[in-house]
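Taking it in order: structure first as structure tokens, then the write-up.
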Amino acid sequence: MSSLNLQITNETVEKYLYGLQRPRDKVLSFLEKDAVKNNVPIIGPLVGNFLSMLATSCKAKNILEIGTATGYSGIWLGRVAKQNDGKLTTIEFDPGRVKIASKSFEDAGIADSVEIVTGDARKEVPRIVKSSRENLDVVFLDVGDKSLYVDLLEDSIRLLRLGGYLIADNTLWKGRVATGARDKDTTTIKEFNKRVFTDERFLPSLIPLRDGVTVALKVK
């Protein structure tokens with residue numbers, strides 16, 4: 001059983017959920033098609049809408065995203081930040097993707113409210129901590145190297161204000177976290193979830209949406 005990738009959501013239910021989504025604009029629709037064509041891991045509209053709702057609910061002005069990719073999730077978050085006269089800071093290691101994301105933000109009309117940081121998040125996040133302690137409304141983790149989820153957890157908590165959200169994508173990891181799988185990424189995600197759920201500074205939940213979304217409200 002440990003080698004299986006489980007189906008997290010019922011296919012019929014997921015199609016129904018997609019059918020409920022409002023039409024996306026040209027920029028998001030293009031990025032969704034590009035993701036399929038070029039095998040780019042994006043959160044998709046179900047999680048994108050969820051992110052937007054969470055950010056809106058806490059009137060997010062200052063948002064940090066770790067893992068920009070082509071800018072898809074950043075648009076969902078950046079639009080909320082712009083609406084609240086705030087800023088999205090997003091970190092990406094790959095210069096090629098930074099170039100694509102930059103155009104995506106420009107096409108979406110939010111370039112003036114987005115700062116793209118090109119570099120290693122292990123270095124950039126601690127730098128942000130030194131200058132922006134405890135004033136972020138949302139920190140969103142969605143990076144290919146899942147070890148960053150654990151490595152950057154404490155800094156992410158420090159950056160969040162009380163009432164702010166820590167959000168992490170892929171935290172059911174194709175269902176493997178519920179099996180006896182012992183590969184590196186599964187073990188890392190399980191450790192991340194364990195730390196979040198046992199940390200009394202958080203009121204956490206893990207939503208079985210697509211590949212799993214961990215949401216933790218900072219309460220202490």
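The values are calculated or read from the model by the stated rules, or taken from the named source; none is laboratory data. Quick caveat: nothing in here was measured; it's all calculated off a predicted structure. Using ideal geometry, Cβ is built from the backbone for each residue, glycine included, and neighbour counts are taken over all protein chains shown.
Of note:
- Taking the listed residues A35, A69, A81, the one that is of a type in the set (A, V, I, L, M, F, W, C), in contact with a Pro (Cβ under 7 Å, 6 or more places away or on another chain) and within 24 Å of G119 (Cα to Cα) is A69, with no other qualifying.
- Neighbours by Cβ (under 7 Å, 6+ apart or cross-chain): first from segment 71-96, buried (at least 24 other Cβ atoms within 10 Å of the Cβ); second polar (S, T, N, Q) and assigned to a strand (DSSP E or B): G74/T90; E92/T118
- In the set (1) among the hydroxyl-bearing types (S, T, Y); (2) closer than 20 Å to V213 by Cα; (3) at pLDDT 95 or above, S102 fails one condition alone, (2).
- Segment 57-70, residues that are within 22 Å of G164 (Cα to Cα), among the polar types (S, T, N, Q) and surrounded by 21 or more Cβ atoms within 10 Å (Cβ to Cβ): T68
- When we screen K123, K59 for residues that are more than 13 Å from the chain's Cα centre (by Cα) and free of Cβ contacts under 8 Å to residues at least 60 places away in the same chain, the only hit is K123.
Residues are listed down the side, and each one gets a yes or a no for (1) surrounded by 15 or more Cβ atoms within 10 Å (Cβ to Cβ); (2) assigned to a helix (DSSP H, G or I); (3) without any contact (Cβ under 8 Å) to a residue 60 or more places away in the chain:
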{"position": "T12", "(1), (2), (3)": "no, yes, yes"}
{"position": "Y16", "(1), (2), (3)": "no, yes, yes"}
{"position": "R24", "(1), (2), (3)": "yes, no, yes"}
{"position": "E32", "(1), (2), (3)": "yes, yes, yes"}
{"position": "K37", "(1), (2), (3)": "no, yes, yes"}
{"position": "V40", "(1), (2), (3)": "yes, no, yes"}
{"position": "G48", "(1), (2), (3)": "yes, yes, yes"}
{"position": "A55", "(1), (2), (3)": "yes, yes, no"}
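- The set of residues in segment 194-214 that are buried (at least 21 other Cβ atoms within 10 Å of the Cβ) and within 24 Å of E14 (Cβ to Cβ) comprises G212, V213, T214.
- The single condition among (1) farther than 17 Å from G48 by Cα; (2) under 15 Å from the mean Cα position of the chain (by Cα); (3) of a type outside the set (F, W, Y) that D211 does not meet is (1).
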